[in-house]
Amino acid sequence: MLGTIGVILVILVQLVSYWGLFEKMGEPGWKGLIPIYADFKLYDKAWSRYAYYILVIFALIGIGTSAQGEQGLSMSMAEILNSADMTVAMFASLAAAIASFIIEAIFYIKLSKAFGKGVGVGIGLIFLTPIFVAYLAFSDAEYWEKDQRY
C-alpha cells in the first residue's frame with residue numbers, strides 16, 4: 001500500500017515537472033503529458049529529432065532480437081552458444097541496449113545544457129531522472145534556444 005502511494009506520488013511529480021519543463025521551453029504544458037510526443041519534443045528542443053528516430057530504431061531492434069532470444073530460454077547454454085541465430089540475437093540485443101543508453105546519456109547532457117546547466121545535472125538526469133527533471137522545471141534554470149547555447 002505504501003509503495004503504491006509512493007509510485008503514484010513519483011508519477012504525479014513527474015507529470016507536473018514535465019508540464020513545467022514544457023512551459024519553460026515556450027510550449028503548452030499539456031504537451032509534456034503525452035508520453036511519446038513529449039519525448040519527441042524534448043529531443044527536438046534539446047538535440048535533434050533525428051536522434052529520437054535513431055533511439056526508436058535501436059529500441060525496435062532490441063525488442064525484436066530479445067523476442068527471438070526468448071526462444072532460447074528452454075535451451076541449455078551450450079545449445080544457445082552453438083546456435084548462431086541465438087548468439088546473433090543476444091549480441092544484437094546487447095548492442096542495441098548499449099547504443100540506446102549512449103544516445104539517452106548524450107540527450108540528457110544536451111538537455112541540461114539547453115537549460116544552462118552543466119554535465120553534472122546531465123549525469124543526474126541519467127540516473128535520477130524524476131528528481132532532476134523536477135529540478136530543471138522548478139529551479140531558476142532558463143531554456144536557451146539552440147542558437148543561444150554554448
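Taken together, the values in this text are just the output of simple stated rules run on the coordinates, not laboratory data. Keep in mind the model is a prediction, meaning the values are calculated, not measured. Note that we place each Cβ from the backbone using ideal geometry, even for glycine, and neighbour counts take in every protein chain shown.
In straight Cα distance, which lysines are under 17 Å from LYS41, not counting same-chain residues fewer than 8 positions off?
Partners within reach: LYS24, LYS31, LYS110, LYS113, LYS146.
Find how much the distance from PHE127 to LEU94 grows on full extension, using 0.36 nm per residue of separation minus their present alpha carbon separation; answer in nm with one decimal.
Here the segment from PHE127 to LEU94 would lengthen by 9.9 nm.
What are the extents of the Cα atoms of the range 86-144 along their three principal axes, listed from largest to smallest and rounded to whole Å?
Computed over the range 86-144, the largest-to-smallest principal extents equal 50, 19, 14 Å.
With a 10 Å Cβ neighbour count serving as the proxy for reagent exposure, in which order, fewest first, do SER93, SER48 appear?
Numbers: SER93 19, SER48 14.
Final ranking by Cβ density, sparse to dense: SER48, SER93.
Can you sort SER100, SER112, SER17 by how many other beta carbons sit within 10 Å, fewest first? The partial results should precede the final answer.
Values: SER100 18, SER112 24, SER17 21.
Fewest-to-most Cβ neighbours within 10 Å comes out as SER100, SER17, SER112.
Over its Cα atoms, what ratio of radius of gyration to 2.2 N^0.38 Å does the range 2-148 give?
After normalising by residue count via 2.2 N^0.38 Å, the value is 1.27.
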